[in-house]
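A.B. asks: Could you have a look at this structure, given as structure tokens, before my questions?
The values are calculated or read from the model by the stated rules, or taken from the named source; none is laboratory data. The structure presented is a predicted model; accordingly, all values stated were derived computationally and were not measured. All Cβ positions, glycine included, derive from the backbone under ideal geometry; neighbour counts span all protein chains shown. With ligands, DNA and RNA removed, areas are computed over all heavy atoms of the protein, side chains included. Shrake-Rupley method; radii C 1.70, N 1.55, O 1.52, S 1.80 Å.
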Amino acid sequence: RAALAAALVLGMLPASASGDAVSPTWVVSPTVKTVSRLEAPKPWVGTREVHENRTLNTDVVEGTLALGGTFALVIRDDALPAIPPVNPAFTIAMRVFLTHDPTHDTHVGLFWKGRSNDDRTPSAWLAPGSTHVTFRVSTTLSTEMWGTANTPLPVRQWCHIALSVEGSIMRFYLNGALDAAVEILGEVVANDGNLHVGKDPANPGLRGFVGAVQMHALALRDEDIQQMAKRALHFAPDFDGEPEREARVAERLATEVQKRRRKQFQAVFDANAATGTSSADISVGMDASSWMMTTDFVQGEGKTEYDALDADHLASFAEEQFALGDAARASALKLADASRHAARSRVAAERVMATAVEPLTAAAAGGHAEARLVLAAMLEGGYGSTDSVPKPGRALYHRLMAAASGDPMARLAMGAATVLGNDAFLSGAEKGAGQEGVPSRSPPRLPVARCALALHYFYHSATTAYEDSARPGGQARVERGRLHENTRRVKGDLRGESDDRVLYLSRAADLGDARAMLAMGNGYYWGNFGLPRDHEAALRFYRRAHRAGALQGTVGVAKMVLKGEGAPRNASEALEHYRAAAERGSADALNGLGYLYFYGEDVDLPDESAGSETSEGSSSSLNEEASGKTSSSTKIQKNDTLALEYFRRAAELGNGDGLVNAGTMLRSGLGAPADVAAAHALFARCAELPGEHPACSYQAALIEASGEGGVPRDCDLAVARLRRVAEGGQWMAPLQEGMKAHLAGKKNEAGWLYEYASASSLPAASFNAAWLGERDARDARVARRFGFGADDEDDEDE
């Protein structure tokens with residue numbers, strides 16, 4: 001597909017200057033950084049005037065934002081309370097949880113608002129090598145004036161910070177108490193830039209969690225900030241001591257990393273001694289242990305090299321521990337499913353499951369994202385513990401940590417949790433209306449502050465899914481079926497090549513049934529019927545369907561050889577098949593021809609095909625002129641106009657790929673003048689088509705989230721679309737595996753897979769996990785009533 005990724009590029013700005021800590025008095029002399037400024041004031045810096053707020057909402061972020069240092073949540077300026085451009089009064093506050101001890105040698109961003117490096121109002125960073133907050137504003141006399149907090153922020157503990165500015169005083173509060181204050185020289189200058197929570201364009205962001213972000217267009221009183229802090233900390237997530245447990249495990253991991261580093265260097269010494277090779281890095285007469293003692297204090301470039309080496313050792317150890325823990329978990333489920341004696345098998349399985357906790361915990365402490373998700377599912381489901389009591393607080397910590405590391409499954413889970421937060425959908429008035437039985441014609445909308453956070457999580461998860469789907473073989477098939485009593489009759493047994501439907505289709509294909517050939521090709525391409533995904537086998541069946549005269553077989557061959565799936569990439573063969581299919585009215589073929597002309601391709605064709613028509617009407621002459629075919633070897637010249645025409649013709653026939661490709665070209669002004677509104681209409685039409693069209697939903701959501709091209713901004717609609725794309729990622733494979741396990745009679749394995757996937761709040765996963773649990777409870781009630789073991793019953797769904 002010729003989809004062009006739209007990217008928001010932030011210019012890299014010079015690093016922010018550092019400031020010294022203020023003296024411990026409440027009001028101190030200002031710390032001023034002298035920087036050259038523009039001779040003329042910026043256009044938006046005017047005289048004092050009365051400002052009417054665009055919004056009465058002071059909540060900026062509602063929920064918990066997980067940050068790993070490389071991302072930021074960006075809040076548009078027009079979503080914030082308006083403040084005067086000169087001499088403003090305001091308060092900005094947030095709840096913060098730092099997950100790592102300070103090891104940074106640069107400023108680490110908490111929040112920054114602005115457009116350029118001249119903007120500082122308001123901003124705050126962690127000072128290099130510490131957790132002291134340095135807070136800053138810009139004034140008419142200096143680019144930045146700052147103060148530094150007297151008290152460092154705690155690590156692995158929630159705290160609340162607030163910065164208020166009024167008149168000539170800037171105040172910083174920690175946990176509701178005034179911690180530092182600075183006198184300001186000149187008048188504070190505001191800006192109309194966006195608010196970045198976390199990373200800014202010049203500096204990395206904090207590693208930890210942020211929540212309850214608020215901004216007020218006035219300087220709150222001390223007692224107001226104290227009450228705000230108490231409320232924010234009262235509603236902070238309780239991790240039930242999991243951060244402290246992980247810190248203790250991390251200390252043991254550090255010892256293991258040191259052992260591995262010493263072992264590696266000892267091996268280098270031994271190798272050099274055996275070969276007689278001298279090394280510039282190893283002094284003669286020193287053993288590896290002595291040399292290691294000296295390298296612990298190497299500074300500069302050497303320290304960076306050794307840190308990278310330690311990171312490699314840590315990642316290797318975490319991967320080993322995850323493999324051990326996950327194998328123990330799988331063995332426990334297999335043991336539980338293998339025995340017909342429920343009580344004995346449950347006890348034995350629980351003992352084995354308990355052995356998975358320690359290695360998974362070590363892997364999680366080593367930064368293994370999948371280990372965190374597995375451990376979170378175990379904690380939430382009560383697996384591996386003696387009391388079998390769910391521990392949701394500990395599970396939430398691991399999902400947040402995985403989301404902070406960039407894991408798309410964790411981000412999907414946290415986006416879903418944000419949407420489903422307490423009273424996320426209804427305000428008090430709306431609840432009252434609902435209780436009176438007045439149905440709503442449209443779904444309730446998320447609060448603005450909650451919608452912004454959900455959009456952040458779903459955007460990053462959906463982007464990964466979208467990029468994966470654009471790669472050859474990267475398309476994912478998500479099993480969204482819900483379990484019921486007749487599941488086996490509807491689904492078969494998903495046993496792959498031994499599945500009854502596969503046997504029937506294979507036999508029918510051998511007898512010349514083109515539809516059976518297509519079904520088998522689709523089965524191997526997508527992994528239907530429990531078949532393994534095998535592109536070579538899929539291509540063989542598509543070729544057979546093509547030879548049997550099936551139009552979709554011809555298109556299937558063209559698509560696969562153009563992408564290089566199942567065989568080496570062959571644009572010439574793809575063009576030949578696309579032309580043949582286009583003559584038969586295939587919308588997919590028209591889209592494929594548009595793809596070829598959008599990129600331009602080197603092709604080899606027989607001379608007699610050079611002047612053949614590829615489609616009816618004027619497109620044929622355009623194609624001949626663009627390709628310039630006079631011999632067997634030629635090149636399809638890149639032609640945006642012709643590519644757009646093919647895409648539009650495919651779109652008119654309702655082809656999803658044609659719709660998204662035509663929309664992408666119109667959005668970028670390729671082949672026709674740019675028209676974002678028309679592009680959005682095509683994306684939205686495509687997104688409503690039956691089936692999965694992640695590119696359409698993704699592109700439509702980007703426009704709706706930003707309001708690009710005059711399209712009205714709609715955060716709720718963008719969240720819904722991006723969530724749908726994220727739910728189609730490869731990380732949803734446990735749903736298909738869960739269905740296979742259920743149909744194979746492996747109820748414990750199926751239950752685990754559905755519980756693991758239910759963190760995404762995908763309806764099918766949550767429903768199936770609940771259905772299996774209810775079935776087990778029903779069987780137990782029947783067993784108690786009639787006096788026989790539930791395991792004596794036939795578990796198969798008939």
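A.B. asks: Filter the stretch 200-226 down to the residues that are outside any helix (DSSP H, G or I), open to solvent by 60 Å² or more (accessible area, probe 1.4 Å) and over 17 Å from Thr58 (Cβ atoms) and list them by number.
C.D. replies: Passing the criteria: only Arg207.
A.B. asks: Then there's this: Kindly indicate whether Leu195 is outside any helix (DSSP H, G or I), surrounded by fewer than 21 Cβ atoms within 10 Å (Cβ to Cβ) and aliphatic (A, V, I, L, M).
C.D. replies: Answer is no for this residue.
A.B. asks: Still on this model: Considering each of Phe317, Phe322 in turn, give the residue that is open to solvent by less than 80 Å² (accessible area, probe 1.4 Å), part of a helix (DSSP H, G or I) and at pLDDT 95 or above.
C.D. replies: Phe322
A.B. asks: Okay, moving on. Within the stretch 720-753, how many residues turn out to be within 18 Å of the chain's Cα centre (by Cα) and open to solvent by 10 Å² or more (accessible area, probe 1.4 Å)?
C.D. replies: Final tally of qualifying residues: 10.
A.B. asks: Would you confirm whether any residue within the stretch 429-440 is of a type in the set (D, E, K, R), modelled with pLDDT under 95 and either in a loop (DSSP other than H, G, I, E, B) or at positive phi (or both)?
C.D. replies: Yes, some residue in the stretch 429-440 is of a type in the set (D, E, K, R), modelled with pLDDT under 95 and either in a loop (DSSP other than H, G, I, E, B) or at positive phi (or both).
A.B. asks: Could I ask something else about it? Confirm whether Leu689 is at negative phi and either part of a helix (DSSP H, G or I) or free of Cβ contacts under 8 Å to residues at least 12 places away in the same chain (or both).
C.D. replies: Criteria not met by Leu689.
A.B. asks: Please determine, by comparing only the residues of the stretch 516-547 that are open to solvent by 30 Å² or more (accessible area, probe 1.4 Å) and touching a residue at least 60 places away in the same chain (Cβ under 8 Å), which one is nearest to Ala567 (Cα to Cα).
C.D. replies: His535
A.B. asks: Looking at Thr106, is it assigned to a loop (DSSP other than H, G, I, E, B), at pLDDT 90 or above and either under 21 Å from Leu126 (Cα atoms) or open to solvent by 70 Å² or more (accessible area, probe 1.4 Å) (or both)?
C.D. replies: For Thr106, the condition - assigned to a loop (DSSP other than H, G, I, E, B), at pLDDT 90 or above and either under 21 Å from Leu126 (Cα atoms) or open to solvent by 70 Å² or more (accessible area, probe 1.4 Å) (or both) - is met.
A.B. asks: List, please: which pairs have Cβ atoms under 8 Å, are six or more places apart or on different chains, and start with a residue in the stretch 490-511 that is within 17 Å of Glu737 (Cα to Cα) and end with one that is polar (S, T, N, Q) and open to solvent by less than 70 Å² (accessible area, probe 1.4 Å)?
C.D. replies: Partner pairs satisfying both residue conditions: Glu497/Ser506.
A.B. asks: Turning to a different aspect of this structure: In the stretch 253-270, which residues are loosely packed, with under 13 Cβ neighbours inside 10 Å and β-branched (Val, Ile, Thr)?
C.D. replies: If the condition is that a residue be loosely packed, with under 13 Cβ neighbours inside 10 Å and β-branched (Val, Ile, Thr), then Thr255 is the only one that fits.
A.B. asks: Regarding Arg171, is this residue under 23 Å from Gly193 (Cα atoms), surrounded by fewer than 24 Cβ atoms within 10 Å (Cβ to Cβ), basic (Lys, Arg) and at pLDDT 95 or above?
C.D. replies: Yes.
A.B. asks: Find the residue count for the stretch 373-415, including only residues that are open to solvent by 20 Å² or more (accessible area, probe 1.4 Å) and on the phi > 0 side of the Ramachandran plot.
C.D. replies: 3
A.B. asks: Taking helices (runs of 4 or more DSSP H) that do not extend beyond the stretch 697-771, which have at least 2 residues that are in contact with a helix residue (DSSP H, G or I) (Cβ under 8 Å, 6 or more places away or on another chain) and under 24 Å from His456 (Cβ atoms)?
C.D. replies: Correct list: 715-726, 747-757.
A.B. asks: A follow-up question, please. Residue by residue through the stretch 227-252, note down the ones that are over 23 Å from Ala364 (Cα atoms) and either free of Cβ contacts under 8 Å to residues at least 40 places away in the same chain or surrounded by 15 or more Cβ atoms within 10 Å (Cβ to Cβ) (or both).
C.D. replies: Within the stretch 227-252, Met228, Ala229, Arg231, Ala232, Leu233, His234, Phe235 meet the criteria.
A.B. asks: Also: Which residues, taken from the stretch 633-656, are open to solvent by 40 Å² or more (accessible area, probe 1.4 Å) and outside any helix (DSSP H, G or I)?
C.D. replies: Ser633, Lys635, Gln637, Lys638, Asn639, Leu653 - these are the residues of the stretch 633-656 that are open to solvent by 40 Å² or more (accessible area, probe 1.4 Å) and outside any helix (DSSP H, G or I).
A.B. asks: Would you mention how many residues in the stretch 765-774 are hydrophobic (A, V, I, L, M, F, W, C) and surrounded by fewer than 22 Cβ atoms within 10 Å (Cβ to Cβ)?
C.D. replies: Residues that pass the stated criteria total 4.
A.B. asks: Show the residue pairs meeting these rules: Cβ distance below 7 Å; 6+ apart or different chains; first residue within the stretch 384-400 and more than 14 Å from Glu755 (Cβ to Cβ); second residue hydroxyl-bearing (Ser, Thr, Tyr) and buried (at least 19 other Cβ atoms within 10 Å of the Cβ).
C.D. replies: Here the result reads Leu400/Thr64, each pair linking the stretch 384-400 to a residue that is hydroxyl-bearing (Ser, Thr, Tyr) and buried (at least 19 other Cβ atoms within 10 Å of the Cβ).
A.B. asks: In the stretch 149-166, how many residues are part of a strand (DSSP E or B) and modelled with pLDDT of 95 or more?
C.D. replies: 9
A.B. asks: Collect the residues in the stretch 125-150 that are more than 27 Å from His398 (Cα to Cα), open to solvent by less than 10 Å² (accessible area, probe 1.4 Å) and of a type outside the set (Ser, Thr, Tyr), keeping them in residue-number order.
C.D. replies: Across the stretch 125-150, the qualifying residues are Phe135, Arg136, Val137, Glu144, Met145, Gly147, Ala149.
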